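The values are calculated or read from the model by the stated rules, or taken from the named source; none is laboratory data. Note that this is a predicted model, so its numbers are computed, not measured. When we count neighbours, we look across all protein chains shown, and the Cβ atoms used for this are built from the backbone with ideal geometry, even at glycine. Ligands, DNA and RNA are excluded from the accessible area calculation, which covers all protein heavy atoms including side chains. Shrake-Rupley method; radii C 1.70, N 1.55, O 1.52, S 1.80 Å.
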Amino acid sequence: MELLFLGTGTSLGVPMIGCECDVCRSTDPRNRRRRSSLYLTAGSTRLIIDTPPDFREQALTFGLRRVDAVLFTHAHADHILGLDDIRRFNTLQKMVIPVYAVPDVMTEVRRVFAYIGRPIIPGLYRPQLDFRVVETPFRVGEVEATPLYVEHGNAPTVGFVLSWQGYRVGYFPDCHTMPDATVDVLRGVDIMILDTLRYRPHPTHLTVTESVDLLRRIGAPQSYLMHLCHDLDHTRLESELPAGIGVAYDGLTLSLTRRS
Ligand SMILES: [Zn+2]
Ligand SMILES: [Zn+2]
Ligand SMILES: [Zn+2]
């Protein structure tokens, strides 16, 4: 199982347009953050979680050749607006690609992309998607995915537990408050990936301190922070974190090897 971070930034990305701060002007490539997305390879299955506005550039930068399914955490613009570029994978793979989301998220995705699925004039080129509403654990190829709700302002939002060959990964890029029941489900994951926006409080995202506290309660052997804004310098943040908690960056790859 391999996890590739396609993007690790907040909705505005880093650098932000027109910002002259130290992080936005940094030459450390780990401070250049596209909008948040994860590409998962598990055996023969390749799936993507969220299609940000940067999806085309991410697919080109990281050489993506296959997407067996798209999973959405929620319908904020920074997580869905690249969906149209999935049509290139329709062509490459000669197949309709399934899209999975919980009911409220799917309703919003379908509203934003209302043109997808409408009858088209021959020769036009639209994404070929199979929208599949899910509420409970579901299978995508070799992977079992479990959507779990978190509080993230007033947008219905989930994270996913992704299971393959006995491994479990928690992916929660956008979160302000996590229900205790979800924390309980996440105990024992091999890798936990969690929202952290900045040091100062925010109404819809976790602060660094809040994320570290939550990650300690979950207790995964390896944890990573993502969805960072320009207040967070990679090197500085990494030096401040306890052992076992790292800072994700675009292009970071994590591997879990098949258990024998
Ligand atoms: Zn976001
Ligand atoms: Zn800045
Ligand atoms: Zn969001």
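Considered as a group, the residues in the stretch 28-43 that are open to solvent by 20 Å² or more (accessible area, probe 1.4 Å) and in contact (Cβ under 8 Å) with a residue 60 or more places away in the chain include one that is farthest from the chain's Cα centre (by Cα), and that residue is ASP28. For the stretch 62-110, which residues satisfy the criterion of being open to solvent by 10 Å² or more (accessible area, probe 1.4 Å) and touching a residue at least 60 places away in the same chain (Cβ under 8 Å)? PHE62, ASP68, ALA75, HIS76, ALA77, ASP78 - these are the residues of the stretch 62-110 that are open to solvent by 10 Å² or more (accessible area, probe 1.4 Å) and touching a residue at least 60 places away in the same chain (Cβ under 8 Å). Considering the stretch 148-160, and only residues there that are touching a residue at least 24 places away in the same chain (Cβ under 8 Å) and open to solvent by 10 Å² or more (accessible area, probe 1.4 Å), the residue that is nearest to PRO203 (Cα to Cα) turns out to be GLY153.
Across the stretch 214-229, what is the total count of residues that are open to solvent by less than 80 Å² (accessible area, probe 1.4 Å) and over 14 Å from VAL161 (Cα atoms)? Before the answer, list the steps.
Step one: of the stretch 214-229, the residues open to solvent by less than 80 Å² (accessible area, probe 1.4 Å) are 214-215, 218-220, 222-229.
If we keep only those that are over 14 Å from VAL161 (Cα atoms) too, we end up with 214-215, 219, 222, 224-229.
Of the residues in that region, 10 qualify.
Determine whether the stretch 17-27 contains at least one residue that is open to solvent by 40 Å² or more (accessible area, probe 1.4 Å), within 27 Å of VAL158 (Cα to Cα) and more than 16 Å from ligand 3 (Cβ to nearest atom). No, the conditions are met nowhere in the stretch 17-27.
Taken over the stretch 183-213, the residue count meeting the criterion of being of a type in the set (Val, Ile, Thr), open to solvent by less than 10 Å² (accessible area, probe 1.4 Å) and more than 16 Å from ALA248 (Cα to Cα) is 2. Against the list (1) away from ligand 1 (no atom under 16 Å from the Cβ); (2) in contact (Cβ under 8 Å) with a residue 12 or more places away in the chain; (3) surrounded by fewer than 20 Cβ atoms within 10 Å (Cβ to Cβ), the condition SER11 fails is (1).
All of (1) surrounded by fewer than 22 Cβ atoms within 10 Å (Cβ to Cβ); (2) away from ligand 1 (no atom under 16 Å from the Cβ); (3) farther than 16 Å from ALA145 by Cβ hold for PRO53 with one exception: (2). Within the stretch 124-147, restricting attention to residues that are of a type outside the set (A, V, I, L, M, F, W, C) and open to solvent by 80 Å² or more (accessible area, probe 1.4 Å), the residue that is farthest from THR73 (Cα to Cα) is TYR125.
Here the condition is being basic (Lys, Arg), under 18 Å from the mean Cα position of the chain (by Cα) and modelled with pLDDT of 95 or more; of ARG200, ARG168, ARG216, ARG187, it holds for ARG168 alone.
Of the residues making up the stretch 141-158, those that are in a strand (DSSP E or B) and touching a helix residue (DSSP H, G or I) at 6+ places or on another chain (Cβ under 8 Å) are THR146, LEU148, TYR149, VAL150, THR157, VAL158.
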